[in-house]
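What follows draws every value from the coordinates through simple rules; no lab data is involved. Just so you know, these numbers come straight off a predicted model, no measurement behind them. Because the Cβ atoms are built from the backbone with ideal geometry, glycine has one as well, and the counts that use them run over all protein chains shown.
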Amino acid sequence: ALGKLSRVGRLGLFFGRTKFQAERRYLYNFIDRYVRRTLEDAKDGEKFQSRHTFLHELSRQTNDVVRIRTELLNILIAGRDTTASLLTNTWHVLSHRPDIVARLRKEIASDLPPQKRPTFEELKSLTYLSAVFKESLRLHPVIPLNTREATVPTTLPKGGGPDGTQPVFVAKGQPVIYSSYAMQRDKNVFGDDAEEFHPERWLDTDEGKGIRPGFSYMPFNAGPRICLGQQLALMEASYVTVRLLQEFESIEARDNRPWTEEIGVTCVNKYGAKVALA
């Protein structure tokens, strides 16, 4: 329900929300039960101090049930759907691109002992794997649209005028919406093959120029409000992908339909990723 409402934005005010409200109430009640239980446990100092979950850390800062619930939901939605969507989008591509899989296997076999569970440092050294995820996030950004609202009147230095070089005034309360989905397919930045999945564009080799697109590439946003979970999401996705490629020799696509965007809270393939591993 949340995904459907996010697609229509403020127009959702004109749609029936009975189902959404019921689902939201169920979710809030479920979370609040655990929040209140944790706040009650806080009265037992010794037992409470030995727990170090995010919920317990929040409970040390405040006893506001609504505030804690909101923070928990923020972490849950940001940390679960996004990484799952990244893996879904990437593996849909891998199941149709044996050439990319072959190069990934070669890099993994070269840099890691057979069947070894990779460490954080070892995952960081897999440059082609990193390029694959960068390209996946470029063509299929998990968060395809984002918005900010001006809290005070301000002026953007560029974007106005016939050639986009003039300042733009943004009034207080005015939303500014941008699409990483569109920006990251700009042929002026990524070349004539911007619509193609080409991980080599990110590599500093003779095969690619090691493109540096700056703010034209923002799958995790940028600046002081860049996604706090960026490295965690990439490491989780990298670890899962490496372990699957280590354990399974065969990757077969079970759905030959092209990737088709479905936009809700995140952007994923409408048909999922139907992949057989053996």
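Listed values, structure above:
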{"item": "GNM flexibility winner over the chain from GLY79, GLY173, GLY191 (Cα, springs under 10 Å)", "result": "GLY173"}
{"item": "Helix-only CD estimate at 222 nm, as mean residue ellipticity for the chain, using -39500 (n - 2.57) per DSSP H run (n ≥ 4)", "result": "-14500 deg cm²/dmol"}
{"item": "Once exposed loop GluC sites (Glu not before Pro) are cut out (DSSP; at most 11 other Cβ, 10 Å), longest piece of the chain", "result": "1-194"}
{"item": "For segment 162-172, 3J(HN,Hα) per residue [Karplus equation, 6.51 cos²θ - 1.76 cosθ + 1.60, θ = phi - 60°, Hz, x = Gly/Pro]", "result": "x, 10, x, 9, 8, x, 10, 7, 10, 6, 4"}
{"item": "Likely footprinting exposure, VAL35, VAL66, fewest C-beta neighbours within 10 Å first", "result": "VAL66, VAL35"}
{"item": "In segment 190-278, the trypsin sites (Lys or Arg not before Pro) that fall in loop regions by DSSP, at most 12 other Cβ within 10 Å", "result": "ARG254, LYS270"}
{"item": "Considering only the chain, percent of DSSP beta bridges that pair antiparallel, nearest 5", "result": "95"}
{"item": "Label-point gap, in nm, between ASN188 and ASP32 - each point 7 angstrom along Cα→Cβ", "result": "5.1"}
{"item": "Gain in span if fully extended, THR119 to SER50, counting 0.36 nm per residue against the direct Cα distance", "result": "22.1 nm"}
